[in-house]
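Following: one structure in structure tokens, then a few remarks.
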Number of protein chains: 2
Amino acid sequence: MKLCLIGNRGGHDKHVWDALPHLPHVQVVGIASGAPEDDVTPWLRRCDALGFTPQVFTDYRQMLDRLRPDIVVVCGPFELHAEMTAEALRRGSHVFCEKPVALTFEQLAQVKTAYTASPGRHLATIMNLRYDPAFYTAWRAVRDGAIGTVRLINTQKSYRLGRRDAYYRNRATYGGTIPWVGVHAFDWIYWYSGAAFTSVYATHSMQYNQGNGDLEVSALCHFTLTGEIFASASLDYLRPATAPTHGDDRVRVMGTDGALEVRGGQAYLINAATEGEVVLPVACDRQIFQDFVEHIEGETTALLTADDVFAVTAACLLARQSADEGRVIEFERSNV
Amino acid sequence: MKLCLIGNRGGHDKHVWDALPHLPHVQVVGIASGAPEDDVTPWLRRCDALGFTPQVFTDYRQMLDRLRPDIVVVCGPFELHAEMTAEALRRGSHVFCEKPVALTFEQLAQVKTAYTASPGRHLATIMNLRYDPAFYTAWRAVRDGAIGTVRLINTQKSYRLGRRDAYYRNRATYGGTIPWVGVHAFDWIYWYSGAAFTSVYATHSMQYNQGNGDLEVSALCHFTLTGEIFASASLDYLRPATAPTHGDDRVRVMGTDGALEVRGGQAYLINAATEGEVVLPVACDRQIFQDFVEHIEGETTALLTADDVFAVTAACLLARQSADEGRVIEFERSNV
């Protein structure tokens, strides 16, 4: 299978490089910079180490037209994810895209249209945390009925701010903290609940962002899902530099028959079968890009489908709109 | 000082009994049942053990008129807190009331009017968690600048449902889970932030309440405070019977210079002065009812003032209204 890569922003392409040694039939044949200022040298070094000799393009469309790749990995500028994804889908490629796939409602519609017009093509975003051992183990426990019916979910993404590239400082190129950071939390909510989003209320603040332009340093989102399931997402870049890890990712899922929590890379369960709280052994036997490739080949059903991508991206954009406009937004009325 | 008690619902009167041996100048002189069906025998046993021989009344107003107590402890039916508090204030007593002090806006107005008309009288509710060693220690750390300016607060109250008295099953006598359980969480938010509530959005659900009438088993509240401080409160009765404790109380406070968390009775801090996360030694040298009495005597300023009670009770009632009506509510416009 021929693989092309576009752009190298976001940092999640590492999941592709990690998988390639285990996918000998997938060959990197082309690389295109996503923006003139972005340097693809690190990717060329990666290719060299793996024995690939890709062609390098400055125009990604030209690359797609010439090389006709089976798979395109999209890690270009965030505001071009949708366009690049749509262009690749239209040419018949499967697309593995940095999240979120769209920063605006128009971009999301563009991707949906291209996807619908390309039957049999697989589209996924790099929602790597579904494959994290603790979050995956917790999801399996929920799916297997360990906590009964899900009623309440609390999620948390807390990052160190650190030094960030200039494109994080501008809504047009960053998209906002709710889409960029929140997407993972919203995906947990959607994935663990197995329900559909019905409404969202959110707030976000740029205060104390240490000169980072538009970047929101704190945000809080409140979702309702079908069946009166409620879910919170607390998002921030306030984690101190001295914290033991970059991120502090958490999920707490309360069900009718138990409580499940992921915190510090561990999964904790309380239900009728446990004495007090037990620590679950955590593991994930799937790797995100291998899962993507095997899904294309019909060998498995990937954890993440295009419908999931569309639902969670809509949640990102509607939550951001809620925060911008200071009002509750109903998903059904939004027609996203 | 003469002390009278009205009613024995809620379970928080224990803080009064715990303190009395250390307050030899405070004498229980009268006890009135809050409702005909409530049995004051347990309180008479307590009095006996402490050497008090109180008069017992069926009409609490008669008790107030006859005994003219300095202090009245109000633990009557929840829907009578406000009336009993107002009656005692009007007669010149200081009032120590089970929380929340009011279940409706009208009741809250009644208490405010009585308080304003009784200058020099002290009013507090039994917000015992302010005096919990971990929560108190964390508050002192925030107040002392350990995390800089507060930006984001996440709170959690999670209880076992267990078997509850019939009055929990009716909104009119219970008030709802947002006021009854949420009051503690809202108080943490108000207390730790040092800011004023500006708006709230909340949701609550009676689904899966195991035949408990109106009782909401899950609720989620989203507050904004002055300065774009955001705060969540996750409330539930979903904690499994096998959980190691009845409640799972938590607060996480993120500031511009640090992160502070209370969980499992411990307080955790990360800031520029810590290497990774440190566990704070927790302690509280104040007891809630002693603090109340010493405040009356002018020996200290109690942790909780009547203004705090009014602000947090308003938060309870407006959050519940938001959940009932499905809309964001602005505090300023509500005139509560």
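Looking at the range B:257-273, which of its residues are polar (S, T, N, Q) and surrounded by fewer than 18 Cβ atoms within 10 Å (Cβ to Cβ)?
Once the filter is applied, which keeps residues that are polar (S, T, N, Q) and surrounded by fewer than 18 Cβ atoms within 10 Å (Cβ to Cβ), the range B:257-273 yields only B:Gln266.
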### Message
Quick check on the range A:110-150: of everything there that is within 14 Å of chain B (Cβ to nearest Cβ) and in contact with a helix residue (DSSP H, G or I) (Cβ under 9 Å, 6 or more places away or on another chain), which residue is nearest to A:Glu98 (Cα to Cα)?
### Response
A:Val142
### Task
Within the range B:72-87, count every residue that is in contact (Cβ under 8 Å) with a residue 60 or more places away in the chain and buried (at least 23 other Cβ atoms within 10 Å of the Cβ).
7
### Query
Which one is nearest to the chain's Cα centre (by Cα) among residues in the range B:88-105 that are over 21 Å from B:Val293 (Cα atoms) and surrounded by 24 or more Cβ atoms within 10 Å (Cβ to Cβ)?
B:Ala102
### Summary
The residue that is nearest to B:Gly255 (Cα to Cα), considering only those in the range B:222-232 that are assigned to a strand (DSSP E or B) and more than 7 Å from every other protein chain (Cβ to nearest Cβ), is B:Ile229
### Where a residue in the range A:271-295 is over 30 Å from A:Val28 (Cα atoms) and its partner, wherever it lies, is modelled with pLDDT of 95 or more and among the small types (Gly, Ala, Ser), with Cβ under 6 Å and at least six apart
A:Asn271/A:Ala146; A:Asn271/A:Gly258; A:Leu280/A:Ala267; A:Val282/A:Ala134; A:Val282/A:Ala267
### Task
Take the residues in the range A:259-270 that are among the small types (Gly, Ala, Ser) and touching a residue at least 60 places away in the same chain (Cβ under 8 Å), then tell me which one is farthest from the other protein chains (Cβ to nearest Cβ).
A:Ala267
### Message
Please count how many residues of the range A:162-181 are surrounded by 24 or more Cβ atoms within 10 Å (Cβ to Cβ) and within 21 Å of B:Val150 (Cβ to Cβ).
### Response
2
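Considering B:Asp257, B:Asp291, which residue is over 16 Å from the mean Cα position of the chain (by Cα) and not assigned by TED's automatic domain parsing to the domain that holds B:Ser93?
Just a single option satisfies the conditions, and that option is B:Asp257.
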### Task
State the number of residues belonging to the range B:79-125 that are touching a Lys or Arg at 6+ places or on another chain (Cβ under 6 Å) and within 30 Å of B:Arg263 (Cβ to Cβ).
1
### Message
Pairs needed: first member in the range B:152-165, at pLDDT below 95; second member anywhere, not β-branched (Val, Ile, Thr); C-beta distance under 7 Å; at least 6 residues apart or different chains.
### Response
B:Arg164/B:Asn212
### Message
Quick test of your reading of the structure: A:Thr256 fulfils all but one of (1) under 30 Å from B:Gln210 (Cβ atoms); (2) within 13 Å of chain B (Cβ to nearest Cβ); (3) touching a strand residue (DSSP E or B) at 6+ places or on another chain (Cβ under 6 Å). Name the failing condition by number.
### Response
(3)
### Task
Could you list, in sequence order, all residues of the range B:233-251 that are within 8 Å of another protein chain (Cβ to nearest Cβ) and under 22 Å from A:Asp236 (Cα atoms)?
B:Ser234
### Query
Quick one: would you say A:Val40 is among the β-branched types (Val, Ile, Thr) and more than 23 Å from the chain's Cα centre (by Cα)?
no
### Query
Does A:Thr305 satisfy the condition of being within 22 Å of A:Asp132 (Cα to Cα), away from chain B (no Cβ under 14 Å) and exposed (fewer than 14 other Cβ atoms within 10 Å of the Cβ)?
no
### Query
So which residues in the range B:188-221 are within 19 Å of A:Ser232 (Cβ to Cβ) and away from chain A (no Cβ under 14 Å), if there are any at all?
B:Trp188, B:Tyr190, B:Tyr192
### Tally of residues being touching a residue at least 60 places away in the same chain (Cβ under 8 Å) and over 20 Å from B:Gln290 (Cα atoms) across the range B:8-59
1
### Message
Let me spell it out: the conditions are (1) touching a Lys or Arg at 6+ places or on another chain (Cβ under 6 Å); (2) assigned to a loop (DSSP other than H, G, I, E, B), and A:Gly10 meets all of them except one. Which number is the exception?
### Response
(1)
#### Entry: Residues being closer than 25 Å to A:Ser205 by Cα, charged (D, E, K, R), touching an Asp or Glu at 6+ places or on another chain (Cβ under 8 Å) and within 14 Å of chain B (Cβ to nearest Cβ) - total across the range A:151-176
1
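The values are calculated or read from the model by the stated rules, or taken from the named source; none is laboratory data. In this text the structure is predicted, and so the values were computed from the model without any measurement. Don't worry about glycine lacking a Cβ; one is built from the backbone with ideal geometry, like all the others, and counts go over all protein chains shown.
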